[in-house]
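What follows is one structure encoded as structure tokens, with my remarks underneath.
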Ligand SMILES: *Cc1c(COP(=O)(O)O)cnc(C)c1O
């Protein structure tokens with residue numbers, strides 16, 4: 001694939017003409033005069049999602065409390081319903097996924113379900129490049145058990161960018177009670193080998209969970225085939241379901257009988273929830289891990305966003321995403337690597353080893369990302385030296401990828417970043 005790319009604008013436009021997913025761009029609100037390459041932080045707003053929000057608002061206006069049972073998709077089952085719709089994206093059965101809570105809350109809920117320190121087996125294995133909220137959550141989970149995180153949280157070491165999974169496996173000792181890892185690293189974009197890590201954890205009798213915020217919606221997952229115990233992910237990055245929207249959790253059906261660690265009345269067996277009994281009996285499905293009433297207004301956009309995504313198909317999305325990132329790597333190597341540009345690709349070059357974004361490393365990354373913003377190009381900066389560029393299959397074009405490379409050259413040629421206050 002790589003060797004066929006060229007650096008001309010005409011070539012970029014041709015790639016767009018041949019793109020089978022090109023038509024999906026019009027299904028999104030694209031900010032005016034903007035090249036938006038930040039869908040790995042906040043996905044753009046799908047028109048179908050707006051329709052679902054408006055429908056739910058209308059249901060509330062016209063049905064009041066009856067909306068819980070009489071709306072088009074009854075709110076009472078909305079979390080389970082959206083979970084079932086999302087299940088094919090992660091290779092799960094419909095009742096293994098539920099839309100509920102937020103990523104961090106779901107992480108707490110599942111870690112408290114799976115983490116039971118006993119005897120010598122007391123430690124949690126995570127990694128030093130984790131998204132900070134995961135580490136904060138794990139530390140507080142340890143403290144709740146009266147354990148010192150300094151001693152009981154093991155962070156797998158990296159080379160600063162990537163992990164070697166074999167080194168992570170070496171840390172799966174008999175002292176480890178739980179492994180909790182990201183599917184993809186939020187800075188470098190490395191995609192971890194979840195199948196391999198799961199197999200190795202299970203060989204050692206250790207449960208394993210993944211935080212998949214940076215991969216669901218960009219990469220197909222096969223949780224059931226891999227045998228993953230649990231997973232969490234947000235809906236607002238590659239899933240385009242709105243800022244702070246309802247998140248997802250997956251729990252493998254072999255664990256449905258486990259006691260949820262954090263309980264609330266929405267996890268109750270649905271048919272009996274209104275008996276209002278004081279003994280908790282959880283639903284034997286992912287729905288049993290809900291706590292509160294479904295957040296209906298923040299879940300509605302998920303419905304429309306998933307419609308668009310499933311119509312495009314996650315396999316086709318992955319195919320285009322890889323082609324977009326291969327193209328960006330090619331252009332970076334040919335147009336931005338040499339002096340005076342000096343950009344380096346900080347993402348794995350093997351497409352199977354990366355998620356949907358590219359980390360462009362540069363000593364002036366912060367000021368460059370600000371200079372890009374001044375030019376109407378939205379990316380994001382991650383310390384110490386990364387401009388993250390996420391060309392999203394559903395709404396970005398090859399021409400936008402070509403264009404950002406031209407703009408980066410101009411920013412360096414004209415020293416535009418020097419005008420940015422540091
Ligand atoms: C975005 C992100 C989160 C966000 O957590 P919230 O609870 O939704 O704020 C968590 N983990 C990872 C890996 C993320 O990328």
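Every number in this text was worked out from the coordinates using simple rules, so none of it is lab data. Given the structure is predicted, the values throughout are model-derived calculations rather than measurements. Because the Cβ atoms are built from the backbone with ideal geometry, glycine has one as well, and the counts that use them run over all protein chains shown.
Of the beta bridges in region 140-263, as assigned by DSSP with both residues counted there, near 40 percent are antiparallel. Straightening the chain between residue 399 and residue 32 buys 130.5 nm, computed as 0.36 nm per residue apart minus the Cα-Cα spacing.
Modelled label positions at residue 69 and residue 136, each set 7 Å beyond Cα in the direction of Cβ, lie 4.1 nm from each other.
Of the residues 106, 342, 81, the one that moves most in a GNM of the chain with alpha-carbon contacts below 10 Å is 342. For region 284-416, a Kirkwood radius taken over Cα pairs fed into Stokes-Einstein (10 °C, viscosity 1.306 mPa s) yields D = 95 µm²/s.
If I take R0 = 30 Å and measure r between the Cβ atoms of residue 262 and residue 148 in this structure, what FRET efficiency does the formula 1/(1 + (r/R0)^6) give, to the nearest 0.05? For residue 262 and residue 148, the calculated efficiency is 0.85.
Were the residues from residue 11 through residue 155 laid out at 0.36 nm apart, the gain over their Cα-Cα distance would be 47.4 nm.
With the radius of gyration and the Kirkwood radius both derived from the Cα set of the chain, what is their ratio Rg to Rh?
That ratio equals 0.99.
Comparing 250, 327, 341 in a Gaussian network model of the chain where C-alpha atoms under 10 Å apart are linked, the largest mean-square fluctuation is found at 341.
When peptides 195-202, 140-147, 177-184, 39-46 are ranked by their average number of other Cβ atoms within 10 Å per residue, the highest-first order is 177-184, 39-46, 195-202, 140-147. A straight chain from residue 195 to residue 164 at 0.36 nm per residue would run longer than the Cα-Cα distance by 9.7 nm.
Counted over the chain, the DSSP beta bridges are approximately 55% antiparallel. Cβ-Cβ distance of residue 373 and residue 275, R₀ of 56 Å, FRET efficiency by 1/(1 + (r/R0)^6): the value works out to about 0.55.
Distance between the 7 Å Cα→Cβ label points at residue 175 and residue 410: 5.6 nm.
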